[in-house]
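FYI, it's all coordinate maths here, none of it is from the lab. It should be emphasised that the depicted structure is a prediction, and the values quoted were computed from it without experimental measurement. Glycine also receives a Cβ, built like all others from the backbone with ideal geometry; neighbour counts cover every protein chain displayed.
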Amino acid sequence: MRLALIAKTGEMGYPSALTARTWGFYDALFRGKPFRFPRRYGSYVMENVLFKISFPAEFHAQTAVEAAVLLHHEVKDRLSDIKKIEIVTHESAIRIIDKKGPLNNPADRDHCIQYMVAIGLIKGNLTAADYEDDVARDLRIDALRAKMLCVESKQYSRDYLNPKKRSIANRGGRISDRSPPPPPRRHPLARSEIPEEPRPPFSERAARGHPLAVPGSESPGGHPGPRIHRHVRNLKDTIRCTAVASCI
């Protein structure tokens, strides 16, 4: 978007960056072939936003967390009896959030599918506060992480790359129950299930005084100022309009 706005001001850029012989992008990286796009530029991205309504989790882990939360009441009193947790997912999730070893900060933890699933099993929920150091000290989390194995489903990988599905599927649980959860409620395939008054995950962080990527948004003392609350209200309105549009 920034480059498009710069171009509209008349900036000429580098006309041959793509087409220059030998060193242009086409020759150097694409074997001389020009770019090919699956669709014309337009509003596709905005019309297919994936809202994180239920859990403040990296999106590839959403259904894995949902499955863990469903299992919470069944396993909460016997976590130490669990021998193995198999998370069947797609290649992108394994490449991005299948993370082993020490997790040093909240950014590490919210991109670790094992950490998020462990929290779901232990607490029956996942909030922004669960990525903080005081929660991460719970020894049960790493004990469960050590028992987890991520396995690729070729079908899930194909569905993830299918623009008509863009499915973010995971499954896990008992050996006798391997049914994957339905598409997450934030997913375009299930858009009509978005609640009338969702609470975006970042509103939690705003309420707890965490810095957000909105310059000047905080009032003195680090508390969320009126701009944060306005952004939260605007997002709620956007989600509500999207939910209505999906039902028409």
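Checked against a 22 Å cut-off, the cross-linked pairs Lys76/Lys165; Lys52/Lys76; Lys83/Lys165; Lys84/Lys165; Lys76/Lys147 give Cα-Cα distances beyond that limit for Lys76/Lys165; Lys52/Lys76; Lys83/Lys165; Lys84/Lys165. Using C-alpha pairs below 8 Å separated by at least 6 residues, the relative contact order for region 61-122 is 55 percent. Pairwise alpha-carbon distances in region 59-183 exceed 23 Å for 26% of all pairs.
Computed over region 59-183, relative contact order equals 41 percent, with contacts defined as Cα pairs under 8 Å that lie 6+ residues apart. Packing around the peptides 30-37, 17-24, 57-64, 117-124, taken as the average count of other Cβ atoms within 10 Å per residue, puts them in this order, highest first: 57-64, 117-124, 17-24, 30-37. What shape does region 1-135 take by its C-alpha gyration tensor, where a ≥ b ≥ c are the square roots of the eigenvalues and a/c under 1.5 counts as rounded, a/b above b/c as prolate, and the rest as oblate? Prolate shape, in that a/c is at least 1.5 and a/b is the bigger ratio. For the peptides 47-53, 93-99, the ranking by packing is 93-99, 47-53, with the highest mean count of neighbouring Cβ atoms within 10 Å listed first.
Each residue of region 131-147 is assigned a 3J(HN,Hα), and the resulting list reads 8, 7, 4, 5, 6, 5, 6, 4, 5, 5, 5, 5, 5, 6, 4, 5, 9 Hz, derived from the Karplus form 6.51 cos²θ - 1.76 cosθ + 1.60 (θ = phi - 60°), x at Gly and Pro. The calculated FRET efficiency for Phe37 paired with Lys8, based on their beta-carbon distance and R0 = 25 Å, is about 0.75.
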